[in-house]
Structure formats: C-alpha cells, structure tokens
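Participant: Before anything else, here's the structure in question.
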Amino acid sequence: MSELHERHRRVLPSWLPLYYADPLELVSGSGSRVTDAEGHSYLDFFCGILTSMLGYDVPEVREAVERQLGTGIVHTSTLYLIRHQVELAEKLARLSGIENAKVFFTNSGTEANETALMIATAARRSNQVLALRNSYHGHSFGVIAITGNGAWKSTPLAPFSVHYLHGTDRYLSAFASLSEAEYQAACVQDLRHVLSTATAGDVACLIAEPVQGVGGFTMPPDGLLGEYAAVLRGSGALFIADEVQTGWGRTGEHFWGFQAHGTVPDMITFAKGLGNGMAIGGVIARGDLMDGLPGYGISTFGGNPLSTAAGNATLDYVLSHDLQRNAAELGSMIIGGLREAAGPLAVAGEVRGKGLMFAVDLVDPQTGAPSPALATRMLEATRERGLLIGKGGLYGHALRMAPPMTLSEADAKEGLGILADALRAVNEEAAK
Ligand SMILES: Cc1ncc(COP(=O)(O)O)c(C=O)c1O
C-alpha cells in the first residue's frame, strides 16, 4: 500500500470508496487526459464523476477564475450583489423552460436536492415524496431517505414518507416479457395504485433522475416521467428533475434529460459539471414556488464569485461550441461500437446510454447474473490500458463512462478501442 493510501485510510472515513486496488493520485490534466503521481497518462472517460465536463485546463474557464481571483475577492456572501451570480441565474432561468424561473445556488447536488425537497414539502404541506427505485440524489439526512439503492443508504431514519416507483427495473422477471409501451403502462398504473392505496393523499412531489447516475446509467423509457408528472399534476403534486448528471447537453439528444419525457418540471436541480470542477449546484424553480418558502435562507458559499465565474465560462463554452451535438455524434459512435464489441462476449450484458453517458453491465458468463467482481476487474483492465472509467449500478456491476463533452473523434476511437480490448481480455480470463 502506498504511503498516501495508508495515510488516507487512517484519517478518512472507511465508507468513502476508492477505485482500484492501488488507488490513483491524479496530479495534472489537460484536455481529455490526466497524469498520475507516477507519471502515467490516462484518457479520462469519467471526469471526476462527470464534473470536469469540458476536460482539464480549459483556458476559457481558467482565465475566468483567474480574472476573479485577480480582483482580490473570492467571497463576499449573498448579503451583497454578485454580478456573476445574477448573470448565471439569468442564463439558467432562460434555458430551463420553467415559467418565471428563479435560481438558488448551492455548493453541491445534495444541497440542491435538499432545497428542492424543502420547497416542495413546504408548498404542499406534506412530507410524502415519490422517488424511483435505484435512485441516488446525494448524501445527507434528507436525500438518503429518497435513495432507492440500498448500498448507499447510510441511515434508515427519514424526514420523509417515501414511496418508490418503477421505471428502471424492466429486467425484473415480472416485466421482462413486456414491450416498452406495456412496461410504461404498467408503471403508470402502479403510480395510480400507489397514490390511491399507499399514500395518505396530498403527495408533495416526485423526484427523478432522467438517467440514473449512481444507478448505472439506467433510464426510464422516454416519455414515462412526463406521464408520471401529468398524473401527479392532477392532484397538485410537483415534479423535480434531478439533472445533476444529465444536464448541459450530455445526453446529446436534448439539453436537459427531462426533455426526453415531454414535460417541463416544476423544479430542476443541477451541480457537477456546471463549474467544470469548481463547487457549484442549485435549484431552478417556478418563481412562485421559490418565493413561497417561508423564513430567510442563505447558502454561505452558494453562488460565490469564483464558482459563478467558472459556471458562466463553462456554460458559455458548452453553448458556443455546440457540445450537445458533439455528445450526440461521438456518443452514438461509441455506443454503437461498444454494442458491436460486447455482442459476442459472455461477460458483457446490456449496453445502454445516451450521448456521452453510456454503460455496459458485467455479468457472470455462466449464469448471466450481475457480476460486481468482473466490473472491478474491468476497472483494472482499462486502467492498465490507459483509460479511466467509472462503476455503478444496483449491484455494482455496471461500468459507467462519461468522457468530457469536448472529446475529439480520435480520443473517442481510442477509448472505444481500449474498452473493447479490455472486455475481450476479461472475457477470456473469465472463460478459463
Ligand atoms: C443524480 C445525482 N444527484 C445528486 C447528487 C449529489 O451531488 P453531490 O455529490 O454534489 O452532493 C449526485 C452525486 O453523484 C447525483 O449523481
């Protein structure tokens, strides 16, 4: 064990997972590549969990941060006007499609979801929340209560009464033989049943990720979240789209993940990629909902001059370089290539994804059961070949890939080649 790894284990929580048997320390980065403390270079297809979404050392973002640092002001608090914050809120409100939208900035996705849940439960005078099975919305007392993935449940205690809906569990034997339309109808019927039999009426909201991140890039059929929202609106319940992983055009087909579902949510939560590494998150909500929260509220660091300078520069870059189109084009090329490579391999299960957000399940070649052990092996096999990827899924068996949205075609092909080669090697090992 390296000296730094040993020190890490002594002073950091045991529940803070580290990738790789010999964990990596990344010390520099440029474009789509990072370098570790031993000088090895890697193509990065995970970007600090989708957070360095433009890649590394992007001059436009670095210079925006340096300009702000040059003023001598890193922090003022929201007791004073912050120009970058107002400008970023204006852009986000416009892009959201939400009527009379207002924005509250936080430092993380967790705080964003906490705020959205607070707004919804206050507006509805109800603590009844609906979430999807296999969901992940962050790590705090409130959002752990709406986590539909047992591996991430840090406490059974909860401020909400929660019911979980179907939508990303089509693989279960009860649903496996259904067509997509039949599955969707069964999900909506289940929602109506839950509303009329399991809740005490007056549900506050549904919160859902359009593509589940920690869940292994599993996703409901297109349109389902819109159908859910329509049913819920009949009773006044709200819909919160958690766009922490799916926003900014990463799915290629749309700017926001919810746009695949034919609805506009009442609230959007965001974080991760917007600051290209600087800590930023927030909620975009209908103005009446946002303003309806009783009492004062601040987030001391939320929307600070530095993070909103980075946020503006990152968002402007995404829009002016049409990175959504890059995500659509290179994403479909990689997903197609991955399907072709995975097809004949017994260790490879489902390949899925949208744009530059794609996954492949690792399964036991004999039984077809999810194999977290083979997924872990794949992490090592890709690292050995110079590629960083992520892991997730309800059983820890899904490989998750989310390259920078600035990815070049050459880097896309290189990454795909490594993934295919590593899959073949792990398949061969598993057959022995
Ligand atoms: C969909 C989703 N929501 C919320 C969060 C929590 O964000 P943070 O870790 O910034 O608190 C995450 C983090 O992975 C996420 O994937």
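Participant: Is the stretch 343-358 home to any residue that is under 24 Å from the mean Cα position of the chain (by Cα), part of a helix (DSSP H, G or I) and crowded, with 22+ Cβ neighbours inside 10 Å?
Facilitator: no
Participant: Conditions first: (1) open to solvent by 60 Å² or more (accessible area, probe 1.4 Å); (2) part of a loop (DSSP other than H, G, I, E, B); (3) of a type outside the set (Ser, Thr, Tyr); (4) away from the ligand (no atom under 16 Å from the Cβ). Ile98 passes all but one, so which condition is the exception?
Facilitator: For Ile98, the exception is condition (1).
Participant: Restricting to the stretch 242-253, count the residues that are crowded, with 24+ Cβ neighbours inside 10 Å, within 15 Å of Phe217 (Cα to Cα) and of a type outside the set (Val, Ile, Thr).
Facilitator: So the answer is 5.
Per-residue answers, yes or no, for (1) at pLDDT below 95; (2) out of contact with any Phe, Trp or Tyr (no Cβ under 9 Å at 6 or more places or on another chain); (3) not aliphatic (A, V, I, L, M):
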| position | (1), (2), (3) |
| --- | --- |
| Val86 | no, yes, no |
| Ala89 | no, no, no |
| Arg94 | no, yes, yes |
| Ile98 | no, yes, no |
| Gly109 | no, no, yes |
| Ser126 | no, yes, yes |
| Ser140 | no, yes, yes |
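Participant: Being open to solvent by 20 Å² or more (accessible area, probe 1.4 Å), within 28 Å of Leu289 (Cβ to Cβ) and part of a helix (DSSP H, G or I) is the requirement here; does Val231 meet it?
Facilitator: Considered against the rule, which asks whether it is open to solvent by 20 Å² or more (accessible area, probe 1.4 Å), within 28 Å of Leu289 (Cβ to Cβ) and part of a helix (DSSP H, G or I), Val231 comes out as yes.
Participant: Considering only residues that are touching a residue at least 12 places away in the same chain (Cβ under 8 Å) and of a type in the set (Val, Ile, Thr), look in the stretch 347-392 and name the one that is nearest to Leu172 (Cα to Cα).
Facilitator: By that ranking, first place goes to Val363.
Participant: Working carefully through the options Gly303, Gly311, find the one that is in a helix (DSSP H, G or I), crowded, with 24+ Cβ neighbours inside 10 Å and touching a residue at least 24 places away in the same chain (Cβ under 8 Å).
Facilitator: Going through Gly303, Gly311 in turn, the sole match is Gly311.
Participant: Do you know which of the residues in the stretch 153-182 that are among the hydroxyl-bearing types (Ser, Thr, Tyr) and surrounded by 15 or more Cβ atoms within 10 Å (Cβ to Cβ) is farthest from Asn113 (Cα to Cα)?
Facilitator: Thr168
Participant: Can you confirm whether Thr269 is hydroxyl-bearing (Ser, Thr, Tyr) and open to solvent by 10 Å² or more (accessible area, probe 1.4 Å)?
Facilitator: no
Participant: Out of the residues in the stretch 245-268 that are in a loop (DSSP other than H, G, I, E, B) and touching a strand residue (DSSP E or B) at 6+ places or on another chain (Cβ under 6 Å), state the one that is farthest from the ligand (Cβ to nearest atom).
Facilitator: Per the criteria, the residue is Asp266.
Participant: Give me a count of the residues in the stretch 217-244 that are within 27 Å of Ala279 (Cβ to Cβ), in contact with a Leu (Cβ under 8 Å, 6 or more places away or on another chain), within 16 Å of the ligand (Cβ to nearest atom) and not β-branched (Val, Ile, Thr).
Facilitator: 2
Participant: Select, from Gly70, Gly31, the only residue that is open to solvent by 50 Å² or more (accessible area, probe 1.4 Å) and either small (Gly, Ala, Ser) or closer than 26 Å to Ala412 by Cβ (or both).
Facilitator: Matching residue, one of Gly70, Gly31: Gly70.
Participant: So for the stretch 283-297 (the condition being open to solvent by 20 Å² or more (accessible area, probe 1.4 Å), of a type outside the set (D, E, K, R), within 25 Å of Gly138 (Cβ to Cβ) and assigned to a helix (DSSP H, G or I)), does at least one residue qualify?
Facilitator: Yes; the residues of the stretch 283-297 include at least one that is open to solvent by 20 Å² or more (accessible area, probe 1.4 Å), of a type outside the set (D, E, K, R), within 25 Å of Gly138 (Cβ to Cβ) and assigned to a helix (DSSP H, G or I).
Participant: Does Ser154 fit the bill of being under 20 Å from Ala200 (Cα atoms), outside any helix (DSSP H, G or I) and small (Gly, Ala, Ser)?
Facilitator: Here the answer is no, as Ser154 does not meet what is asked.
Participant: Search the stretch 111-135 for residues that are without any contact (Cβ under 8 Å) to a residue 60 or more places away in the chain and assigned to a loop (DSSP other than H, G, I, E, B) and pair each with any residue that is within 12 Å of the ligand (Cβ to nearest atom) and open to solvent by 10 Å² or more (accessible area, probe 1.4 Å) when their beta-carbon atoms are under 6 Å apart and the residues are at least 6 apart or on different chains.
Facilitator: The qualifying pairs are Arg133/Gly148.
Participant: In the stretch 190-208, which residues are within 30 Å of Val351 (Cα to Cα) and open to solvent by less than 10 Å² (accessible area, probe 1.4 Å)?
Facilitator: Answer for the stretch 190-208, where residues must be within 30 Å of Val351 (Cα to Cα) and open to solvent by less than 10 Å² (accessible area, probe 1.4 Å): Leu191, Leu206, Ile207, Ala208.
Participant: Being open to solvent by 10 Å² or more (accessible area, probe 1.4 Å) and within 9 Å of the ligand (Cβ to nearest atom) is the filter here, so list the residues in the stretch 115-152 that pass it.
Facilitator: Answer for the stretch 115-152, where residues must be open to solvent by 10 Å² or more (accessible area, probe 1.4 Å) and within 9 Å of the ligand (Cβ to nearest atom): Tyr136, His139, Ser140.
Participant: Determine if the stretch 387-404 includes at least one residue that is under 18 Å from Tyr42 (Cα atoms) and surrounded by fewer than 24 Cβ atoms within 10 Å (Cβ to Cβ).
Facilitator: yes
Participant: Let me ask something else. Is the stretch 254-265 home to any residue that is closer than 29 Å to Leu26 by Cα and open to solvent by less than 10 Å² (accessible area, probe 1.4 Å)?
Facilitator: There is no residue in the stretch 254-265 that is closer than 29 Å to Leu26 by Cα and open to solvent by less than 10 Å² (accessible area, probe 1.4 Å).
The values are calculated or read from the model by the stated rules, or taken from the named source; none is laboratory data. Because the structure is predicted, anything quoted here is derived from the model rather than measured. Positions of Cβ are generated from backbone atoms using ideal geometry, with glycine treated the same way; all protein chains shown enter the neighbour counts. Remember, those area values only see protein heavy atoms, side chains included, never the ligands or the DNA or RNA. Shrake-Rupley method; radii C 1.70, N 1.55, O 1.52, S 1.80 Å.
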